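Colleague: So that we are looking at the same thing, I have put the structure below in structure tokens.
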Amino acid sequence: MSTMQKILFFILLTTLSSNAIVNSDINSSSDINSSEELKIAFRKIPTRLLKNVPQKRFLKRFYKRHNYQTLWIKDNKINKERAKELITLVKDDPTLNKKGLLYNTAIQLEKRLETNATQEQILRRELKLTSLYNNFLAHTLYGEIKWKQFKYRLLALKKRRINGSWIKYKAPQKIDELLLKSDINQTIKEITPKYFGYQKLIRGLKKLKKIKANGGWDKLPPFKSLKLGSSGDIVKKLRTRLTQSGDYNITCDENKTAISIDNNQSSENNESDTPHINREALFDECLDIAVKKFQKRHGLAVDGVVGRATQKALNLSVDDKIKKVLLNIDRIKWLPREEEKRYIVVNLPEFMLHYIEDNLTKQELKVIVGDKRHPTPIFSHYISYIVLNPYWKVPEGIVRREVIPHMVKDPNYLRRQGIEAHRTWDENSRVIDISFIYWRDYLYGRAKFPYRLMQPPGPRNALGKMKFKFPNRFSVYLHDTPTRYLFKKSFRAYSHGCVRLSQPQKLLETIARFNKNINLKRAKKILKGKRKTQLNMSKKLRIHLIYLTAGVNSDGELEFRDDLYGYDKYQKRIIR
């Protein structure tokens, strides 16, 4: 035997002996508990123990911190009842992708539970189950949005002077502590979001997945428009499409709602002059009801006309809608989780304010939010006071970008708006005669504008008769507005970031009900005049400015909204 062969033989013999000793250490004594066995295995065969096990670093750290306490071993065997509890939860979670790692890991472990195992295999299954549970807890708590990537997109927008902001609120629970809790079902129940329509969205997701399993819905071919009285094959396809999504009521009484059509009138989509039109090919009142229902669910103008916007919404695939619902489910996971008796939710893409008390929606108001260049920030705070007959103090950005260029072109612009120039932000400070200001000096930031512009209380005031303040770093608030006509529109993104209220007096009345220090009669008397008055709230009101493009209405039907600021496009999810 050559020297090299002797060396190789010695190495082989040493390796075999070492493995035998380790196996002996793991399996030898019945009085060594599973924690000790795991500790020995981590010390002597860490590579083999953790082979093909995800989250190696986490597992090493977790078990060392908790003195190698096992979570899944009972009487030297895997606790099948506890393991199946976890696996069932993973398999039944509709937010998980069946091609993803979590679901497939659960399936593999379920199969292995039914097979015999050596002590080393039992320890490896312990680690795999803990890794699966850790991943599932993280998924339930935080979802799968790539927030860091989204942050970079917001920074890119800032370079274009679009200051989008999204403040996240991390769930307070710690995964290390959750892993040690004995009741898995109860733990998952505790950490599942309870507000902002989370459970309703989960049910809506299940409905969409059921529709997908049944084949989804057909995409409509291009056409100009359809409305009550139209006819042709395209109408039949529209009826089928709305039936597939559950918008068309097949029990609608056709005999009562069928309309008559002039036999000589030809449809723009079917030029046949035949007087006999198949009822399915006729855009009757039943179909009109279905179209309006669909339009309402998608935040469109409810006019029954299937034009460009309605066609675009109709041709979104069921997969697209599932993705949208999943994204919004994950957004809810980063909203505040504290229980509040009463609070306000302003959903920006919906252009609506919802006042919620004891988990019931008590009041809804139309709102106007920031336009696409001035997006309203997403965050939560507390309304702490109300100002009646407010001054509008024109932000420096608006002065620089809008007012100064206007004044260069039209020296009477500020006078028409009723806006004054002051030395300071003090409303009682000396008013400056704007006719002596040479505005070109300040055009495009050539020099810093030294004055403060403000609009006194009055009918032209941009803030209307009142504002609701929740002091924040974004300087946004709720307020009244003199531009009432904009609330008639279905699209309402016209502000510089603040939220304009359609009926501010109703919100004032609501707040006064639980703030006994606010005298409503006195407040209404003040509003008839022009004297600025601040009403402090003894009980602050939580307000959430949120961005959900999918939700569920009071009838349990899914609703969708346009991606107002493009955040649906910017926020990407990891496939789990």
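The values are calculated or read from the model by the stated rules, or taken from the named source; none is laboratory data. Being a predicted model, the structure only gives us computed values, none of them experimental. Here the Cβ is made from the backbone with ideal geometry for all residues, glycine too, and neighbour counts use every protein chain on show. To get the accessible areas, we keep the full protein, side chains included, count just its heavy atoms, and leave off ligands, DNA and RNA. Shrake-Rupley method; radii C 1.70, N 1.55, O 1.52, S 1.80 Å.
Colleague: For the Cα atoms of the chain, what angle does the longest principal axis make with the long axis of helix 101-112, in degrees from 0 to 90, nearest 10?
Modeller: Helix 101-112 sits roughly 30 degrees off the main axis of the chain.
Colleague: Another question, if that's okay. What chymotrypsin sites (Phe, Trp or Tyr not before Pro) does the stretch 127-191 have in DSSP loop regions with at most 14 other beta carbons within 10 Å?
Modeller: Working: sites: Y133, F136, Y142, W147, F150, Y152, W166, Y169; in loops: Y169.
Qualifying residues, ordered by number: Y169.
Colleague: If you fit an axis through the alpha-carbon atoms of helix 119-142 and take the longest principal axis of the Cα set of the chain, what angle between them do you get, 0 to 90°, nearest 10?
Modeller: Taking the Cα atoms of the chain, the angle to 119-142 is about 0 degrees.
Colleague: Go through the stretch 124-165 and name the trypsin sites (Lys or Arg not before Pro) that are in a DSSP coil and have 10 or fewer other Cβ atoms within 10 Å of their Cβ. Don't skip to the end; give the middle numbers.
Modeller: Working: sites: R124, R125, K128, K146, K148, K151, R153, K158, K159, R160, R161; in loops: K146, K159, R160, R161.
Taking the stretch 124-165 and a limit of 10 other Cβ atoms within 10 Å, the loop trypsin sites (Lys or Arg not before Pro) found are K159, R160, R161.
Colleague: Expressed as a whole percentage, what fraction of the accessible surface of the stretch 263-414 belongs to carbon and sulfur atoms when a 1.4 Å probe is rolled over the protein heavy atoms? Don't skip to the answer; put the middle values down first.
Modeller: On the way: 3250 of 6860 Å².
Ligands and nucleic acids excluded, carbon and sulfur reach 47 percent.
Colleague: Taking 0.36 nm per residue of separation and subtracting the Cα-Cα distance, what length does fully extending N536 through D176 add? Walk me through the intermediate numbers first.
Modeller: On the way: separation 360, 0.36 × 360 = 129.60 nm, distance 4.27 nm.
Here the segment from N536 to D176 would lengthen by 125.3 nm.
Colleague: Accessible area per residue for the chain in Å², computed with a 1.4 Å probe and the full protein assembly in place, what is it?
Modeller: Numbers: 31100 Å² over 576 residues.
For the chain, the per-residue accessible area is 54 Å².
Colleague: Follow-up. G370's amide H: which non-local residues (gap 5+, or another chain) put their own amide H closer than 5 Å, with H modeled 1.01 Å from N in plane and none for Pro or chain starts?
Modeller: Close amide H contacts, sequence-distant or interchain: T376, S495, G497.
Colleague: Please compute, over every Cα-Cα pair in the stretch 275-403, the percentage with a separation greater than 27 angstrom. Write down the numbers at each step before the final one.
Modeller: Numbers: 3716 of 8256 pairs.
Roughly 45 percent, once rounded to a whole number.
Colleague: Compute the Cα gyration tensor for the stretch 445-576, then decide on rounded, prolate or oblate, letting a ≥ b ≥ c be the square roots of its eigenvalues: rounded whenever a/c is under 1.5, prolate when a/b is larger than b/c in the other cases, and oblate in all that remain. Let's see the in-between values first.
Modeller: On the way: a/c = 1.97, a/b = 1.34, b/c = 1.47.
Because a/c hits 1.5 or more and a/b fails to exceed b/c, the stretch 445-576 counts as oblate.
Colleague: What angle do you read, to the nearest 10 degrees and between 0 and 90, between the alpha-carbon axis of helix 3-27 and the longest principal axis of the chain?
Modeller: Once rounded, the angle reads 70 degrees.
Colleague: How about the stretch 34-65: which chymotrypsin sites (Phe, Trp or Tyr not before Pro) there lie in a loop by DSSP and see at most 11 other Cβ atoms within 10 Å? Could the numbers behind the result be given before it?
Modeller: Numbers: sites: F42, F58, F62, Y63; in loops: none.
Loop-located and lightly packed - none at all.
Colleague: Here's another thing I want to ask about it. For the chain, list the cysteines whose Cβ sits under 4.7 Å from no other cysteine Cβ?
Modeller: Lacking a cysteine Cβ partner under 4.7 Å: C498.
Colleague: Largest first, how would S490, S495 line up by accessible area (1.4 Å probe)? Let's see the in-between values first.
Modeller: Working: S490 60, S495 5 Å².
Correct descending sequence by accessible area is S490, S495.
Colleague: Separation of the stretch 550-576 and the stretch 74-104 by C-alpha centroid, Å?
Modeller: One Cα centre to the other: 28 Å.
Colleague: Continuing with the same structure: What number, rounded to the nearest 500 deg cm²/dmol, is the helix-based mean residue ellipticity at 222 nm of the chain, given -39500 (n - 2.57) per DSSP H run of at least four residues and division by all its residues?
Modeller: Working: 21 runs with 225 residues, N = 576.
When only DSSP H runs of four or more count, the value is -11500 deg cm²/dmol.
Colleague: Right, next: Mind ordering 535-541, 341-347, 355-361 by average Cβ neighbours within 10 Å, highest first?
Modeller: Working: 535-541: 16.0, 341-347: 19.9, 355-361: 13.0.
For the peptides 535-541, 341-347, 355-361, the packing ranking is 341-347, 535-541, 355-361.
Colleague: Would you mind checking K168/K333; K44/K64; K39/K77; K77/K99; K465/K532 for any pair whose Cα atoms are more than 21 angstrom apart?
Modeller: Too far apart for the 21 Å limit: K77/K99.
Colleague: Reachable aspartates and glutamates from K146, Cα under 14 Å, same-chain residues fewer than 8 places away excluded?
Modeller: Qualifying aspartates and glutamates at Cα under 14 Å: D330, D568.
Colleague: Also: Using the alpha carbons of the stretch 112-175, what is the convex hull volume per residue in cubic angstrom, as a whole number? Write down the numbers at each step before the final one.
Modeller: Numbers: hull volume 6.8 nm³, N = 64.
Measuring per residue, one finds 106 Å³ for the Cα hull of the stretch 112-175.
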